[in-house]
1. I'd like to check something: does the range 262-277 contain any residue that is of a type in the set (A, V, I, L, M, F, W, C) and at pLDDT below 60?
2. Does the range 258-273 hold any residues that are open to solvent by less than 50 Å² (accessible area, probe 1.4 Å) and within 28 Å of the chain's Cα centre (by Cα), and which are they?
3. Touching a strand residue (DSSP E or B) at 6+ places or on another chain (Cβ under 6 Å) and either touching a residue at least 24 places away in the same chain (Cβ under 8 Å) or of a type in the set (Phe, Trp, Tyr) (or both): which single residue out of 66, 74 fits that description?
4. Output yes when any residue across the range 304-314 is out of contact with any helix residue (DSSP H, G or I) (no Cβ under 8 Å at 6 or more places or on another chain) and charged (D, E, K, R), and no when none is.
5. Please find, within the range 370-380, the residue that is surrounded by the fewest Cβ atoms within 10 Å (Cβ to Cβ) out of those that are without any contact (Cβ under 8 Å) to a residue 60 or more places away in the chain and β-branched (Val, Ile, Thr).
6. Working only within the range 292-319, note down all residues that are part of a strand (DSSP E or B) and not hydrophobic (A, V, I, L, M, F, W, C).
7. Going residue by residue through the range 184-197, is there one that turns out to be exposed (fewer than 13 other Cβ atoms within 10 Å of the Cβ), at pLDDT 60 or above, among the β-branched types (Val, Ile, Thr) and out of contact with any Cys (no Cβ under 7 Å at 6 or more places or on another chain)?
Amino acid sequence: MAVTETRTVSYGSRVKNSLGGIGTGIIMFLIGTCLLWWNEGRAVKTAKMLEEAQGVAVHVDDVSKLDPSLTGQLIHATAESKTTDQLSDEQFGYSVAAVKLDRKVEYFQFVENSETETKDKLGGSQEVKTTYTCEKSWTGSPVNSSEFHGENARLYQNTTLMQFENKYEVAKNVTFGGYRLSPDLISGISGSVPAELNIEDSRLIEWNTTIARTVGDPAARAAAEAAAKAAAEVAEVKDTTATDSAATAAPAINDNRYEYVHVAGNVVYFGKNPSNPQIGDVRVTITQVNPGLVSVLAQVDGDTFVPFTAKNGKTLSTISMGRKTMEQMFEQQKSANNMWLWIWRVVGTLLVCLGLKGIFDILSTILKVIPFLANIVNWGVGFVCNVIGIVWSLLIIAIAWIFYRPVLGISIIVAVVAILGFFAYRGGKLDKFIPKKEQAPAPEA
């Protein structure tokens, strides 16, 4: 069911909001400008740091034993990472010697989505129509359906059969040959694989009984309680023969008496049918990251590693999965630096353009009394703000490059001047097609 709410925003409120938007626009413009300047400096400093690091880094073939002569040196090496730390998930009865252990919980819930349409009205007011619809979806946390709009709050009510917290654990002690990996290097080890769950019958029975009682299912509750009783009898048997006999009579994991709990690989599903989820069902997925072959690029500090610090203060400490040469690892760092350079350039430019639009949006808002005219002005303001925003961003980048790298900075300024010259040239050509008003001939004497 779709719920539609309509409200009218007065002309005065719209003007007031636009005036408030001027302050927000100025802040966005300043943040974007500072971000562009900072980003260029960051990229240049990182590039210089990588150049310095590559000039002093040494490759070490064997790190199986501590070498005091390496202390203070930036080294590259490849070896097996190992750990004896036991990471555990007590709620699901799982323990393993691994680098990382991750529990992800999902809930099948009603989720409310909204779609808004606006319509300018003569006189400057605005009609805002919002339509709310609900759909079923897996979410990372329970959804409070009482906050849904209108009838949706009554028709789409969420429940949960069970509730668990997400859990993420990282080993503290991971070795790299004869050395210990630092926490930042440990956090860089990746490669999640499914956990091998082997949950005890008693735990499954307990969960199943709890859910059966919660949902008020007499048949499932009776079956669960019978299974619980059988498991208790098995626990009381002391001699091996009797235990084996009772265990044979005990329900198996896939028995229908586990109606609300299903285990498949590393997934524990709480609900009747995993292939047909219902509102309230819960899905828990457990993964782990195992030790393995890794390549390290970091500075040796006794029996562990610390980041290498360049003369400009930038640091380097990185780890890659598998066997990577020193050249490959430096190329990865250079590629990452270039990628972030362009990401932040785009973000900064967008902030500048949006900031300018927020500052000058008041012009089109004032003219909203005549929607047709306001739309034309709004388009023009948007176009001009984008052009000015891009040119401004290029200038900031150019000035930053002049400050950090003069040759490239001057090249960018030349490009900006060329763009401005192009627009000026095009504007001059367009003037030829604009008809000029003819002057009346002077009267004869």
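1. Here is the first cut: in the range 262-277, the ones of a type in the set (A, V, I, L, M, F, W, C) are 263-264, 267-268, 270.
After this cut, where a residue has to be at pLDDT below 60 as well, the list is none.
Checked the range 262-277: no residue is of a type in the set (A, V, I, L, M, F, W, C) and at pLDDT below 60.
2. Scanning the range 258-273 gives 266, 267, 268, 269, 270.
3. When all the criteria are applied, what remains is 74.
4. no
5. So, considering only residues that are without any contact (Cβ under 8 Å) to a residue 60 or more places away in the chain and β-branched (Val, Ile, Thr), the one surrounded by the fewest Cβ atoms within 10 Å (Cβ to Cβ) is 376.
6. Answer for the range 292-319, where residues must be part of a strand (DSSP E or B) and not hydrophobic (A, V, I, L, M, F, W, C): 295, 299, 301, 304, 309, 315, 318.
7. Yes: the range 184-197 contains one or more residues that are exposed (fewer than 13 other Cβ atoms within 10 Å of the Cβ), at pLDDT 60 or above, among the β-branched types (Val, Ile, Thr) and out of contact with any Cys (no Cβ under 7 Å at 6 or more places or on another chain).
One line per residue, one yes/no per condition, for (1) among the small types (Gly, Ala, Ser); (2) surrounded by 14 or more Cβ atoms within 10 Å (Cβ to Cβ); (3) out of contact with any Ser or Thr (no Cβ under 6 Å at 6 or more places or on another chain):
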{"residue": "334", "(1), (2), (3)": "no, yes, yes"}
{"residue": "346", "(1), (2), (3)": "no, no, yes"}
{"residue": "352", "(1), (2), (3)": "no, yes, no"}
{"residue": "356", "(1), (2), (3)": "no, yes, yes"}
{"residue": "359", "(1), (2), (3)": "no, yes, yes"}
{"residue": "368", "(1), (2), (3)": "no, yes, yes"}
{"residue": "382", "(1), (2), (3)": "yes, yes, yes"}
{"residue": "398", "(1), (2), (3)": "yes, yes, yes"}
{"residue": "423", "(1), (2), (3)": "no, no, yes"}
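The values are calculated or read from the model by the stated rules, or taken from the named source; none is laboratory data. It should be emphasised that the depicted structure is a prediction, and the values quoted were computed from it without experimental measurement. Don't worry about glycine lacking a Cβ; one is built from the backbone with ideal geometry, like all the others, and counts go over all protein chains shown. Remember, those area values only see protein heavy atoms, side chains included, never the ligands or the DNA or RNA. Shrake-Rupley method; radii C 1.70, N 1.55, O 1.52, S 1.80 Å.
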